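First comes the structure, then the notes that go with it.
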Amino acid sequence: ADGENYGEIKFSLLRNAAVAGAAGTIVADLFRGPGVAVIYFAGALSGVAYLFLLGIKTDTLGSTDAKVGSNVSNLRFVFPALVLVGVALSNMMNGENPVSTPGIFTTVTPEQFGAAMIGFL
């Protein structure tokens, strides 16, 4: 019974994070436009992926699969950075570089960074 409840709670957390991400995407689109909404949505997806991989880590703690679970779940730290890399590359391909300092992340505006991180959270 406890394992069943645990599975339901895990699924509920993932579902609620996805629903909150979808709702936030709609709000971002209404107030900031589709460009920011897409970045917010990507951040929200990375947050759901983070939660899923965190669940793998907790599920494998203390088991024979602990090392594998830990290695796989550590990928969760990459997702927010991947969103920012995607935004930066998109900006570079579009020729947008609001800062004169060279570097990949200088193309990410504060608004884009905020949308990605708030979506992730």
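The values are calculated or read from the model by the stated rules, or taken from the named source; none is laboratory data. Small disclaimer: the values here were computed from a predicted structure and weren't measured. Counting neighbours? That spans all protein chains shown, and the Cβs are built from the backbone with ideal geometry, glycine included. Keep in mind that these areas ignore ligands, DNA and RNA; they rest on the heavy atoms of the full protein, side chains included. Shrake-Rupley method; radii C 1.70, N 1.55, O 1.52, S 1.80 Å.
Filtering segment 14-32 to residues that are closer than 14 Å to G114 by Cβ and either open to solvent by 90 Å² or more (accessible area, probe 1.4 Å) or not in a helix (DSSP H, G or I) (or both) leaves F31, R32. Of all the criteria given as (1) under 24 Å from I9 (Cβ atoms); (2) surrounded by fewer than 16 Cβ atoms within 10 Å (Cβ to Cβ); (3) within 9 Å of the chain's Cα centre (by Cα), the one not satisfied by A81 is (1).
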